[in-house]
Amino acid sequence: MADNNRETERAALYKTLWNMACDFVHGGAVSPNDFKQYVFGMMFYRFISENIANYVNNLEHEAGNKAFNYADFDDEKAKSAKSNLVDVKGFFILPSQLFCNLQKRAKKDENLNTTIESIFRAIEDSAKGTDSESDFKGLFDDFDVNSNSLGKTVAKRNEMLCKLLDGVASMELSINNETSIDAFGDAYEYLMGMYASSAGKKGGEFYTPQEVSELLTRLCIVGKTEVNKVYDPACGSGSLLLKAAKILGKENVRQGFFGQEINITTYNLCRINMFLHDIEYDKFDIANDDTLISPAHWDDEPFEVIVSNPPYSIPWKGDDDPTLINDERFRPAGVLAPKSKADLAFIMHSLSWLATNGTAAIVCFPGIMYRGGAEQKIRQYLIDNNFVDCIIQLPDNLFYGTSIATCIMVLKKGKAENKTLFIDASNLCVKVTNNNKLTQENISKIVKAYTDRTEKQYFAKDVSNDDIAKNEYNLSVSNYVEKEDTREVVDIKKLNAEIAEIVARENVLRNEIDKIIKEIEA
């Protein structure tokens, strides 16, 4: 019954989001990307409003004040609790500034745009000078209440903001119900999936489908029920970190979730996503900068779980920066990834920050598995030092914005055997609309093959690193796992006999036709 209720709730949520999208996007008011920012920002505002109100209400109710409601409380009296609330929750919101109160009076507020702007600024300012400052700083920067995309006049903008408030208010997102907490995440992922493809290749760079996220996490936690930390060096909107939280249980990631994202907008989305999934401010640390050039978590590594889908074949400084070859992350390979293709720089970075008892699972562009030059030398370093545990060939068309058949590289330190497992999962998927999708059965089959390391024709093969070296360190799965020939087997002898019979029949027919012609001519 609970599952049915959850599916009903999710369907209603998706319907609300779709109707809002039709009103804002399909009606030509705002772009899909802008719509996401506005909806996510408003959802976050509602979430933290209800979060802090419920926290205060529960304290008062437990103290015997059963009729207390923070939304009706006096602002001046509430200020006396600000310091304590910031210590616990990481932020503070006055009762008059709560989402529910703003939504009630929004249609009568001629200055709604500036009212929202001041409330968002006040929320960010409440964390200044505290441990949570970095988590809230600039969080609402992409929520532009004065954007022409909302309307050419203040009145038009306020009309759209009212619709946005009403739409988010209508969502069934009660944070008192544990199953409903995920509804915030469901809404987020629904919109990301809806509009990731419209963003082209860039969409795929910051959104990893849930099924791929689950596969990466399950590969990393084989045999474990808890880990110290989870890290993603190119975290995008945080979907991989949150999938680890969901599968393990956030309480079983003892020291929290760490990530870095170079794009400021996506960085803000990631932090919002952490809050929407009820990850407390002191349980995550997301940084905004270039991971390869300015990594932010030197003091936090090593990490027991590293999951990542870094951008494919992007340029980076490489050997244009002479200091990078001495960087302890890249130095061991003796060569830097090519300037035009940073893929293996992300691999080396992840390996460097991987704990000795940890596992890294990274989505890779297939070209890094077989190209020569510097990339071949880095693969040689990885294989000769026995760091590559498994290479998995995925189906094509899994990701938004690209149809490329990507791979997964699984890294480990301190492996017992000098072997690398190759798995061909290129046919494990179902087609959904224009994309392929991994099913739970597909995921389980891949993880079981990885765990058991049992060779199976056309699917999995454990290859000695010496054999890989003889093959010029080529790590393409197709080099080691034979493709099944699904073409129909033809019996040549039988076919020749059938052809001979056909020729004989043709000869008989020709003779008969010749006789008829002669009779006519006579």
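Some notes on this structure:
- Residues of region 110-164 that turn out to be part of a loop (DSSP other than H, G, I, E, B), over 19 Å from V30 (Cα atoms) and open to solvent by less than 40 Å² (accessible area, probe 1.4 Å), as a count: 4
- Matching residues, region 385-397, being in contact with a helix residue (DSSP H, G or I) (Cβ under 7 Å, 6 or more places away or on another chain) and either surrounded by fewer than 18 Cβ atoms within 10 Å (Cβ to Cβ) or hydrophobic (A, V, I, L, M, F, W, C) (or both): N386, F387, V388, C390, I391, I392
- Qualifying residue in region 415-426 (condition: more than 13 Å from V363 (Cβ to Cβ), buried (at least 22 other Cβ atoms within 10 Å of the Cβ), in contact (Cβ under 8 Å) with a residue 60 or more places away in the chain and of a type in the set (V, I, T)): no
- The residue of region 204-223 that is modelled with the highest pLDDT, among those that are assigned to a helix (DSSP H, G or I) and more than 22 Å from S444 (Cβ to Cβ), is F206.
- Residue match in region 512-522 (condition: of a type in the set (K, R), at pLDDT below 80 and open to solvent by 90 Å² or more (accessible area, probe 1.4 Å)): yes
- Single residue of S239, S197 found to be within 12 Å of the chain's Cα centre (by Cα) and modelled with pLDDT under 95: S239
- Within region 227-248, none of the residues are within 28 Å of L85 (Cα to Cα), small (G, A, S), in a strand (DSSP E or B) and touching a residue at least 12 places away in the same chain (Cβ under 8 Å).
- Taken over region 284-319, the residue count meeting the criterion of being outside any loop (DSSP other than H, G, I, E, B), at pLDDT 95 or above and open to solvent by 50 Å² or more (accessible area, probe 1.4 Å) is 2.
- Scope region 161-173; condition under 25 Å from the mean Cα position of the chain (by Cα) and modelled with pLDDT under 90; matching residues: M171, E172, L173
- Some residue of region 81-94 being open to solvent by 70 Å² or more (accessible area, probe 1.4 Å), within 30 Å of S237 (Cβ to Cβ) and touching a residue at least 40 places away in the same chain (Cβ under 8 Å): yes
- Of all residue pairs spaced 6 or more apart or on separate chains, those with beta-carbon atoms under 6 Å, a first member in region 380-402 that is of a type in the set (D, E, K, R) and a second member that is open to solvent by less than 10 Å² (accessible area, probe 1.4 Å) are D389/V410.
- The number of residues in region 377-428 being assigned to a loop (DSSP other than H, G, I, E, B), modelled with pLDDT of 90 or more and of a type in the set (V, I, T) comes to 1.
- Every pair of residues 6+ apart whose Cβ atoms lie under 8 Å, when the first sits in region 310-337 and is touching a residue at least 60 places away in the same chain (Cβ under 8 Å) while the second is among the acidic types (D, E): P310/D343; P311/E205; Y312/E205; Y312/D343
- Residues that are among the β-branched types (V, I, T) and assigned to a helix (DSSP H, G or I), drawn from region 30-45: V39
- In region 401-420, residue farthest from the chain's Cα centre (by Cα) [restricted to those that are of a type in the set (A, V, I, L, M, F, W, C) and within 22 Å of H349 (Cα to Cα)]: L411
- Residues being under 26 Å from E124 (Cα atoms) and either open to solvent by 10 Å² or more (accessible area, probe 1.4 Å) or in a loop (DSSP other than H, G, I, E, B) (or both) - total across region 54-73: 11
- Looking across region 441-500, the residues that are surrounded by 11 or more Cβ atoms within 10 Å (Cβ to Cβ) and of a type in the set (K, R) come down to K445, K448, R453, K456, K461, K483.
- Residue tally, condition in a loop (DSSP other than H, G, I, E, B), in contact with a helix residue (DSSP H, G or I) (Cβ under 6 Å, 6 or more places away or on another chain) and closer than 22 Å to G414 by Cβ, over region 322-355: 2
- Verdict on E226 being open to solvent by 10 Å² or more (accessible area, probe 1.4 Å), at pLDDT 90 or above and closer than 30 Å to R329 by Cα: yes
- Put simply, of A71, A63 the only residue that is farther than 22 Å from A169 by Cβ and either over 34 Å from the mean Cα position of the chain (by Cα) or modelled with pLDDT under 95 (or both) is A63.
- When we screen E304, E328 for residues that are over 22 Å from T266 (Cβ atoms) and touching a Cys at 6+ places or on another chain (Cβ under 9 Å), the only hit is E304.
- Of the set (1) part of a helix (DSSP H, G or I); (2) without any contact (Cβ under 8 Å) to a residue 40 or more places away in the chain; (3) in contact with a helix residue (DSSP H, G or I) (Cβ under 8 Å, 6 or more places away or on another chain); (4) closer than 17 Å to D135 by Cα, all apply to F275 but (2).
- If you go through region 320-331 and pick out every residue that is under 30 Å from L248 (Cβ atoms) and either open to solvent by 30 Å² or more (accessible area, probe 1.4 Å) or in contact with a strand residue (DSSP E or B) (Cβ under 8 Å, 6 or more places away or on another chain) (or both), you end up with 1.
- Residue count, region 347-384 (criterion: over 21 Å from C220 (Cα atoms) and open to solvent by 30 Å² or more (accessible area, probe 1.4 Å)): 9
- Scanning region 92-109 for residues that are of a type in the set (A, V, I, L, M) and part of a helix (DSSP H, G or I) yields a count of 2.
The values are calculated or read from the model by the stated rules, or taken from the named source; none is laboratory data. None of these values were measured; they are calculated from a predicted model. Here Cβ is always computed from backbone atoms with ideal geometry, including for glycine, and neighbour counts include all displayed protein chains. We work out accessible area using only protein heavy atoms, side chains counted, and drop any ligands, DNA or RNA first. Shrake-Rupley method; radii C 1.70, N 1.55, O 1.52, S 1.80 Å.
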